[in-house]
Amino acid sequence: MQNVYDILKERGFIEQATHEEEIRELLGKEKVTFYVGFDPTADSLHVGHLLPMIAMAHMQKAGHTPIALLGGGTAMVGDPSGRTDMRQMLTREQINHNAERFKKQFEKLIDFADNKAYMLNNADWLLDLNYVSFLREIGRHFSVNRMLTAECYKQRMETGLTFLEFNYMLMQSYDFLHLYRKYGCKLQMGGNDQWSNIISGADLVRRVESDSAYGMTFTLLTTSEGVKMGKTQAGALWLDAEKVSPYDFYQYWRNVDDRDVEKCLKLLTFLPMDEINRLSSLEGAEINRAKEVLAFELTKLIHGEEEAQKAQDAAKALFQNGADLTSVPQTQIKLEQLGDDGMDILELLMLTGLTSSKSEGRRLIKQGGIYAADGRVENIDLRITEKDFDDDKSLLLRKGKKVYHMVKLL
């Protein structure tokens, strides 16, 4: 059986590892309990979380035991990694609500039955710590000079680093120690921006328990131009269908840059490498077939096969007459919202989320990138009236070549 370390390496997951050969040997010879942390600072996971979740699924398929650690305690402090300012402080009630929402999304990828995996919340041990005892047991193992060389702290020194945030590394490191003691956890995995925190946790376990502990980070999910994936004009690409519809989710992956198809297939699907290599070798217009497979596989993974099929059918319907358009995102408006002289097209575009501002709407119209029904919108002062809707009280808007939205009149 192929070592899961080799699988992750071949697919491009691994960015850094504390002891590469030792980790590979460990994963090949015994069942390893490992963890990945997720701070519940929003009420849904997003595409940035998807890569570590899929890596966890690969690890579980190979017989290892994942711990999905929800940061109910660490979120009370806030991770300074990758930040130029302090994170918004959340209440414990907000954090608990977000953590509950996370659980449902994790269960789509990870099997938690019969202790095959654990979902834990570090609030259960962090919030009841005695501060002085914690400093005496844990704090004495940390050098302030060394901590200040960590990238997550260095980049904040000029703009201001609070003592509250300075504690984050100690708390995350203590998580590793606690999980080692209670669950035999030997490996922490996470995004590459967590490298400083991860190596501090592994080092703490080694110092306190005189045993081996390891860390490994994943590559960040970026485009070929180095920009983080999952950013849309409407915001983050959330995994919650109430925040981002399955259709919009499908369309995002259907429209990725040709250069990013192979990377996304390797990192975000479970397709065999032979099939991925075949799809990635397609050229010209045929690469669209690979994009359709990517979009379908990912939408199926997150929203189920039925929603994936509906999204795919809806996408094809935009180019084939007579197909079902019910899965295209919709906005319902009341007749009175149109008023006597109709609704400003710029306001309607913002209402549907096709644009984020009137200035963006003006720019797109001037560039010829907005369509209403079958016609291009030429006039930035256009007003949409009841007469613009068809017999079904529907008006199909389009931005560019591929972004559609249906407006329904109530």
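Run the helix sum for the chain: -39,500 (n - 2.57) per DSSP H stretch of 4+ residues, divided by residue count, reported at 222 nm to the nearest 500 deg cm²/dmol. Helix contribution divided over all residues of the chain: -12500 deg cm²/dmol.
Shown here: the stretch 330-409, whose C-alpha atoms stretch 29, 23, 19 Å along the first, second and third principal axes, sorted largest to smallest. Specify which residue in the list F166, G71, N197 is farthest towards the positive end of the charge dipole of the stretch 4-218, using unit charges on the beta carbon of Lys, Arg (+1) and Asp, Glu (-1), about the Cα centre. Projecting each Cα onto the dipole axis, the largest value belongs to G71.
About its Cα centre, the dipole of the chain is roughly 680 debye, where the only charges are +1 on Lys and Arg Cβ and -1 on Asp and Glu Cβ.
Ranked by the mean number of other Cβ atoms within 10 Å of their residues, highest first, the peptides 49-57, 263-271 come out as 49-57, 263-271.
A crude spin-label estimate for the pair M1 and M350, with each label 7 Å from Cα along the Cβ direction, gives 5.7 nm. Of all beta bridges that DSSP places with both ends in the chain, some 50 percent have antiparallel geometry.
Cβ-Cβ distance of R92 and R136, R₀ of 22 Å, FRET efficiency by 1/(1 + (r/R0)^6): the value works out to about 0.25. Segment Q337..S224, full-extension length gain: 36.4 nm, with 0.36 nm per residue of separation and the alpha-carbon distance subtracted. Taking amide H positions as modeled 1.01 Å from N, with prolines and chain starts lacking one, the residues under 5 Å from T33 and 5 or more places away or on another chain are T65, K186. Within the listed set N145, N192, N288, the residue fluctuating most in the Gaussian network model of the chain (springs between alpha-carbon atoms under 10 angstrom) is N145.
Applying Stokes-Einstein at 4 °C and 1.567 mPa s to the Kirkwood radius of the chain, computed over alpha-carbon pairs, gives a translational diffusion coefficient of 55 µm² s⁻¹.
Within the chain, the longest run free of GluC sites (Glu not before Pro) that sit in a DSSP loop with at most 15 other Cβ atoms within 10 Å is 284-377. Checking the Cα-Cα distances for K61/K104; K104/K243; K31/K61; K31/K104; K334/K402; K263/K399 against a 18 Å cut-off, the pairs over it are K61/K104; K31/K104; K334/K402; K263/K399. Candidate cross-link partners of K310 among the lysines, defined by an alpha-carbon separation under 16 Å and a same-chain spacing of 8 or more, comprise K300. Once the C-beta distance of S210 and K116 is scaled by a Förster radius of 25 Å, the resulting FRET efficiency is 0.25 to the nearest 0.05. Considering only beta bridges that DSSP places wholly inside the stretch 272-410, some 75 percent are antiparallel. Restricting the calculation to Cα atoms, the stretch 4-218 shows an Rg/Rh of 0.94 when the hydrodynamic-style radius is the Kirkwood one.
Nearest 5 percent is fine: what portion of the DSSP beta bridges confined to the stretch 330-409 is antiparallel? Close to 75 percent.
Every read-out reported here was derived from the displayed coordinates using simple, explicitly stated rules and does not represent laboratory data. The model shown is predicted, which means the values in this text are computed figures rather than measured ones. For neighbour counting, all protein chains shown are included, and Cβ atoms are generated from backbone atoms with ideal geometry for every residue, glycine included.
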